[in-house]
Structures are given as C-alpha cells and as structure tokens.
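The next block holds one structure in the form of structure tokens; read it before the comments.
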Amino acid sequence: MEFKGAMGGIYRLTEWITRLAATNLLWAICSSPFLFFMIMKVLVIQQNLANESLQMNWAMAIVAPLTLFPATSALFTVVRKWNMGDTDVPIFRTFFVGYKENYKQSLIGGIFYTLLFAIMYLDYTVYMTQFKNMQLVGIIMLVLLLLLFVSLFNFFSMVVHYHMSIGLIIKNAVLLTLIRPFRVFSTLLGSGLLIYIGSRYPVLFVFFIVSIIAWFAFFNFYATFMKMQEQMEKMQKQKEEEEAAQAGDAVETIEGASPVEDKNETLRK
C-alpha cells in the first residue's frame, strides 16, 4: 500500500528513521567492546586518572581491529545499497553478510590504521607538550591525522565496493583523499557537525549519528567514483575518436596516392 501526500511523506520519514536506527543499533552492538573502553576512557579522564586513561588507550587499540572495523564495514555494506537505490534491502541479513565477507580485510586494514593513528597521535602529543618550539610539527601531525580520519571513510567504501587486495584498497583510499580535497573538506565538515550534535545529545549516537555519517561518507565517495568513471569513459571515447580519425586520414592518403608504374611497362615505353 502506497500513501500519497502528507501521509506518504510521514510514512517514508518513519521508514528512514527505522532503517537508520536499526543499522546504527547493529553497529553499536557489534562495536560494543570498543565503545565500552571508549566510555571508560571518558570517565577516567574526567577523574584525572592518567594511568587508567593510558590503559584504556591500549584496550581500544587492541579491540578496534577486531570489532570496530568489521562492524563499520558491515554498516557501509548497508548504506552502499541505499546510495545505489536499493533502499528496501533486508538490513539484518545485509549487515551480517557484509560483516562476514569483509571481516578479514577490515581486520588487516584496522591493524594498519590503528598503528598509524597511534604513532601519529603520539607524535602530535609529544610535539605539542614536550617541544614548545616545535609545535608547528605538531600542527602538521594534526592535519595529517584529520586526513587519515577522512581516508578511513574511503577505505570502508572501497572495502564494500571493490574486489581488490587490501594493499591496493589502503593505497587508493589515501590517494583518493589527497586528490579530491573538496570531497575531503565536505566529508570532514559534515562528520564534524554530526559528531558535535551527537556530543550535545549522546543518545543520538546509539540510534542515528553513526549511520548518517556512514551514509554521507559513502554518498561523497560514490559521487567521486561516478565522476571519475565518467571522465575515464570520456577520455576513452576521445582516444577512440582520435584513432578513428587517424585511420581515416591514412585511408585517404592511400586512396589519393598515384600507383607506381610497372617497371616492365616503363621499359617498353
């Protein structure tokens, strides 16, 4: 049964609220070990417990590749379907199929990104707190951290959209982040705004914020992908036209050339 007018709008709105909330809850459940240690870290920071805060950092780093990265890949599997027009996919089944199929690549990518985040964050902290005369390096590290954060969105999008090795996925995720600065800025700005709203109303993180960020990130990635594909097709078409024109010129040259007289005929003359 299809509703029209205001009732149709309300019905579609409730459908999307249900989709976003269900997907977000599945992600939160599968990421619960990481989220638990993250919440504990916030609590120990509020109590100024430095050693416990460091322990929570280690705990998050260990469980992130095992839980957070596979769960986020599964989330991107669902939002990929939505962005490509298949909005009525079974959420539960699609989520866990994506979780299973992409677990290995998500785990390996998670280890790589976690190590890189840890090293760069440590460098940023050291340069900003221990070396006051080298804070410029700390600022550069902060910028690189933000770029690495955005490349994560491209990483998850590529994991669920392409069949390629994990090395190529990481390489292309970083390259795509660097060559598309507008998309980087818009993804970063949109994600930052949603995270700010979530910080004001934490309950939204449980139901909506993460799934909306994932949907927006894949939307940006897919728009970039379609544009690059269109440019490649245009370049290929132009190349084919140039080759056809060159072939045509060659035919005209052959047709316009005077045939060489037979040597025997020339001698007889």
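The values are calculated or read from the model by the stated rules, or taken from the named source; none is laboratory data. Fair warning: this is a prediction, and the values are worked out from it, not measured in the lab. Cβ coordinates were reconstructed from backbone atoms using ideal geometry, including for glycine residues, and neighbour counts include every protein chain displayed. Please note that ligands, DNA and RNA were not included when accessible areas were found on the heavy atoms of the full protein model with its side chains. Shrake-Rupley method; radii C 1.70, N 1.55, O 1.52, S 1.80 Å.
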Subject >> Point-charge dipole on Cβ atoms (K/R +1, D/E -1) for the stretch 1-95, about Cα centre, debye to 20 >> reply: 120 debye
**OP:** Could you look at the stretch 1-101 and say what percent of its accessible area is carbon and sulfur, using a 1.4 Å probe and all protein chains?
**Re:** 68 percent
Original post:
For a label point 7 angstrom out from the Cα of Lys237 toward its Cβ, which stretches of the stretch 61-89 have the backbone nitrogen within less than 11 Å?
Top reply: none
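On a 26 Å Cα-Cα criterion, which of the cross-link pairs Lys171/Lys227; Lys100/Lys227; Lys81/Lys171; Lys81/Lys227; Lys171/Lys237 come out too long? Don't skip to the end; give the middle numbers.
Details: Lys171/Lys227 20 Å; Lys100/Lys227 30 Å; Lys81/Lys171 24 Å; Lys81/Lys227 19 Å; Lys171/Lys237 28 Å.
In this structure, Lys100/Lys227; Lys171/Lys237 lie more than 26 Å apart at Cα.
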Subject >> Furthest towards positive pole of dipole, Met84, Val44, Tyr121, structure part the chain, Cβ charges >> reply: Val44
Original post:
Binning every alpha carbon pair distance of the stretch 2-94 at 10 Å from zero, what are the percents per bin?
Top reply: 15, 32, 25, 17, 9, 2
**OP:** Rounded to whole Å and ordered largest first, report the semi-axes of the equivalent ellipsoid of the chain derived from its Cα gyration tensor (root of 5λ).
**Re:** 52, 28, 17
Subject >> Simple label model, 7 Å out from Cα along Cβ direction - Ile29 to Thr14, nm >> reply: 2.3 nm
**OP:** Report the full-extension gain for the segment Gln135 to Met84: residue separation times 0.36 nm, less the Cα-Cα distance, to one decimal in nm.
**Re:** 14.0 nm
Subject >> Degrees separating the helix 103-129 axis from the principal Cα axis of the chain, which is the longest one >> reply: 70 degrees
Subject >> Dipole in debye (nearest 20) - the stretch 77-215, about Cα centre, beta carbon charges: Lys, Arg +1; Asp, Glu -1 >> reply: 40 debye
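Once fully extended, how much extra length lies between Tyr196 and Leu178, figured as 0.36 nm per residue of separation less the alpha-carbon to alpha-carbon distance?
On the way: separation 18, 0.36 × 18 = 6.48 nm, distance 2.49 nm.
So the chain would gain 4.0 nm between Tyr196 and Leu178.
Evaluate the charge dipole of the stretch 69-143 about its Cα centre and quote only its size in Debye, nearest 20, assuming +1 on the Cβ of each Lys and Arg and -1 on the Cβ of each Asp and Glu.
On the way: 6 positive and 4 negative charges, 18 e Å.
For this selection, approximately 80 debye.
For n ≥ 4 DSSP H runs only, could you compute -39500 (n - 2.57) per run for the chain, divide by its residues and tell me the 222 nm figure to the nearest 500?
On the way: 12 runs with 228 residues, N = 269.
Only helices count here, giving -29000 deg cm²/dmol.
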**OP:** Averaging sequence separations of C-alpha pairs under 8 Å and six or more residues apart, then dividing by the length of the chain, give the relative contact order as a whole percent.
**Re:** 20 percent
Original post:
What is the packing order of peptides 228-236, 142-150, taking the mean over residues of other C-beta atoms within 10 Å and listing the highest first?
Top reply: 142-150, 228-236
Original post:
Where does helix 181-200 land angle-wise versus the long Cα axis of the chain, in degrees 0 to 90, nearest 10?
Top reply: 20 degrees
